[in-house]
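Comments concern the structure below.
Where a number appears in this text, it was derived from the coordinates with a stated rule and is not lab data. Here the structure is a predicted model, which is why all the values come from computation and not from measurement. Cβ sites come from the backbone with ideal geometry, for glycine too, and all protein chains shown count toward neighbours.
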Amino acid sequence: MPVIKNEYQGRKPDEFRILLGLEGHSNARNIQTYIEKGNGYKALEKVLKGGMSPEDVINTVKASGLRGRGGAGFPTGLKWSFVPKGPGEKYLITNFDEGEPGTYKDCYISEVTPHSLVEGKIIASYAIGAQKSYIYIRGEFHNEIRWCAEAIKEAYAAGYLGENIMGSGFTHHMDVYSGAGAYICGEETGLISSLEGKKGQPKLKPPFPAVKGYLGKPTVVNNVESLAVVPWIIHNGPEAYKKFGTEKSPGTKLFNVSGPIARPGCYELPLGYPLMRFINEDCGGLIGGKKLKAIIPGGSSAPALTAKECENLTLDYESIAGAGSMLGSGAIIVIPEDVSMVSVLENLMDFYAHESCGQCTPCREGTGWLYKISKHILKGKGTKTDMDRMYSIANNMRGKTICVLSDAAADPARAIVTKFAHEFEPYLKG
Amino acid sequence: MPVFSPELIKIIEGFLNRYETKRSSILPILHAIQDEKDWISDEDVDTLEKSFGLSAVDVREVLTFYTMYRQQPPKPYRFEVCKSISCWLMGANDTIKTLRLEIEKAEKEGRPLPFEIHGVECLGQCGYAPSTLINKDRHNNVTSEKALQLLKEYSAKELPNAAVHCAAALAAKANK
């Protein structure tokens, strides 16, 4: 795994490692390593023994400007503040259903520093008043399920989990729950359905999970990365966190690079880092010196950007949104010049057609049609009307369904059909 | 042959008491049944209803929705190759094609290999493309060449317990 190498804003590389400080350590997952080398469980001690109230914790996270790292970028502290105050059953669930094509950062966190996640979860649970929390991990992540379960076991043995933690009167229990192969469970209400032992179909919102979630009780669903960075923020303070990144996108973020790139991997970077510098210098450019055609900047649901559009972008929520795409999960997929965008579209639509849960008609039918038509065109059987048809189907899929899987298929389809229309022409019959 | 072994019954009972509702235990229980028997039969679903009080309708809802559950007896090894965008860009289709050809060839030569080949959706290992799973073992950067090596490697191994269990149960049923 490559190490971050840059002198962004004159800082040394080590200073970028908020989350991956234990990267490269031989025994990184062990609780002793985390405690001795990673300031482990000091933040929890500060919260529980230093007299921080749940509101203090929420305010600290709010002040840090931390935004949800799962894809939507919703402010984490704000999400926690939606949970009704006072006694009663509440739950915190970690969304570790990492399945967005291009994304593999959460599994890297569990490989390098699972205790950051466990500690972050205990702190977040204290903030919202949750007695129980789950880590919902996709079923294919056999190693990650084991690593998280081991970390939880170690935390129980060390007295960081269980009854009356550190004599504070706060009691918390944690468990791992394994999914069984469904992309839709990455959607928070789909995930809740799955945890309830049902098919993973999303639920109508409102009511939002913060009010009515798991078993009808207030529930917060947070991404792995959002929670894992919380101990650092509590330990070092929100101002220290805000020294990284941009004003509107503070902090660091994990970025995953995939496709034909010289040094693919999981990199921790301050938000606002120049995209092309990252691709060309840190990741070593495309394999074999190939020319870049397009970049999918935030997982497969993010609309593709042409190489030209990428030129002056920086890796933060605002810059990528300004270019008409999204930072999403931070999964950067590079597409070289010799790959046809028609086949890229067919591959993407195959995925969404397979993963649509089938609940809403525009998504179930729309993803299926987008896949069939793109396949038809790829085989050389399409006509110009098919291009219009795809565009119109994509338009009819947006904002019309319970969850955003439909939009996640429609937006990339529309972007490819519009921006790369010239590549489709040779395939069309007239 | 009893439907579930005493060990499996203990695991099932553990899950039934582990979560807030019994229904939440369905996914983990189905995983546990597969770990022992390699697939989930109608008989298993009936037993979950009769002996453990889980509604067969609820169990079937889960069983048929999630792709990891097998409703037919499988071959001993499931070789799953990720075919989503990043792995596809790195040649996953070639890997799948090579594997299928090799399986076909072996079949024709009368030495069937204990493998099923599946192209699957994103396995979350996009930087190490093409990524694959053989049962629960992760193998990354699986080019065609490496895939053929893995076929050899696994063919030489002793069959997994679940596969042995599965074959014995099927044979016992056929003798009835």
The helix B:161-175 Cα axis meets the longest alpha-carbon principal axis of chain B at an angle in degrees, between 0 and 90 and rounded to 10, of 70 degrees
Provide the per-residue ³J(HN,Hα) series for segment A:237-247, in order, calculated from phi with Karplus coefficients 6.51, -1.76, 1.60 and θ = phi - 60°, each as a whole number of Hz, with x at glycine and proline positions. x, x, 5, 4, 5, 6, 5, 8, x, 9, 5
Exactly which trypsin sites (Lys or Arg not before Pro) in segment A:57-141 are in a DSSP loop and have at most 16 other Cβ atoms within 10 Å? A:K85
Report the far tail of the P(r) of chain B, meaning the percent of Cα-Cα pairs longer than 21 Å. 56 percent
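Would you mind ranking B:R138, A:R277 so that the residue whose beta carbon has the fewest other beta carbons within 10 Å leads the list?
Details: B:R138 19, A:R277 14.
Sorted ascending by nearby Cβ count, the order is A:R277, B:R138.
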Can you pull the one-decimal nm distance between simple spin-label points at B:D94 and A:T385, each 7 Å off the Cα toward Cβ? 4.0 nm
If each of B:T64 and A:N280 carries a label point 7 Å out from its Cα toward its Cβ, how far apart are those two points in nm? 5.5 nm
Over chain A, what relative contact order in percent results from Cα pairs under 8 Å that are six or more residues apart? 16 percent
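Of chain B, which part is the longest with no GluC sites (Glu not before Pro) in a loop (DSSP not H, G, I, E, B) and with at most 12 other C-beta atoms within 10 angstrom? Let's see the in-between values first.
Numbers: sites that count: B:E109, B:E158.
With GluC sites (Glu not before Pro) excluded where exposed in loops, chain B gives B:1-108 as its longest stretch.
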Cβ neighbours within 10 Å from other chains - mean over B:131-141: 2
For B:L54, A:L428, order by how many other beta-carbon atoms lie within 10 Å, fewest first: A:L428, B:L54
Treating the angle as unsigned and between 0 and 90°, give the value, to the nearest 10°, between the Cα long axis of helix A:405-419 and the longest Cα principal axis of chain A. 40 degrees
Backbone HN-Hα couplings from phi across segment B:67-76 [Karplus 6.51/-1.76/1.60, Hz, Gly and Pro as x]: 6, 7, 8, 9, 9, 10, x, x, 6, x
Taking R0 as 60 Å, what FRET efficiency do you get between B:E116 and A:H173 from their Cβ-Cβ distance, rounded to the nearest 0.05? 0.95
Between A:I93 and residues 5 or more places away or on another chain, which pairs have amide H atoms under 5 Å apart, with H built 1.01 Å from N, and which residues are they? A:Y134, A:V220, A:V221, A:N222
For A:G213, which sequence-distant residues (separation of 5 or more, or a different chain) have an amide H within less than 5 Å of its own amide H, given hydrogens modelled in the peptide plane? A:T219
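So which GluC sites (Glu not before Pro) in segment A:133-215 pass both tests, a DSSP loop state and at most 11 other Cβ atoms within 10 Å of the Cβ?
Here the GluC sites (Glu not before Pro) that fit, given the DSSP loop and packing criteria, are A:E163.
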What distance in nm separates the simple spin-label points at A:F74 and A:E55, each placed 7 Å from Cα in the Cβ direction? 2.4 nm
Once amide H atoms are placed 1.01 Å from N in the peptide plane, what residues at a sequence separation of 5 or more from A:K253, or on another chain, have their amide H within under 5 Å of its amide H? A:L269, A:L271
Residues of segment A:328-361 with amide N under 20 Å of a point placed 7 Å along Cα→Cβ from A:L428: A:340-347, A:349
What list of ³J(HN,Hα) couplings, whole Hz, do you get for segment A:369-382 from phi and the Karplus terms 6.51, -1.76, 1.60, once you set θ to phi - 60° and write x for glycine and proline? 5, 4, 5, 4, 5, 5, 5, 4, 5, 4, 7, x, 9, x
Compute the angle between helix A:142-157 and the longest alpha-carbon principal axis of chain A, please, reported from 0 to 90 degrees and rounded to the nearest 10. 10 degrees
In segment A:331-364, whose amide N lies under 14 Å from the spot 7 Å out along Cα-to-Cβ of A:I287? List them in ranges. A:334-339
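Enumerate by residue number the trypsin sites (Lys or Arg not before Pro) in segment A:289-343 meeting two conditions: DSSP loop (anything except H, G, I, E, B), and at most 11 other Cβ atoms within 10 Å of the site's Cβ.
Numbers: sites: A:K290, A:K291, A:K293, A:K308; in loops: A:K290, A:K291.
Taking segment A:289-343 and a limit of 11 other Cβ atoms within 10 Å, the loop trypsin sites (Lys or Arg not before Pro) found are A:K291.
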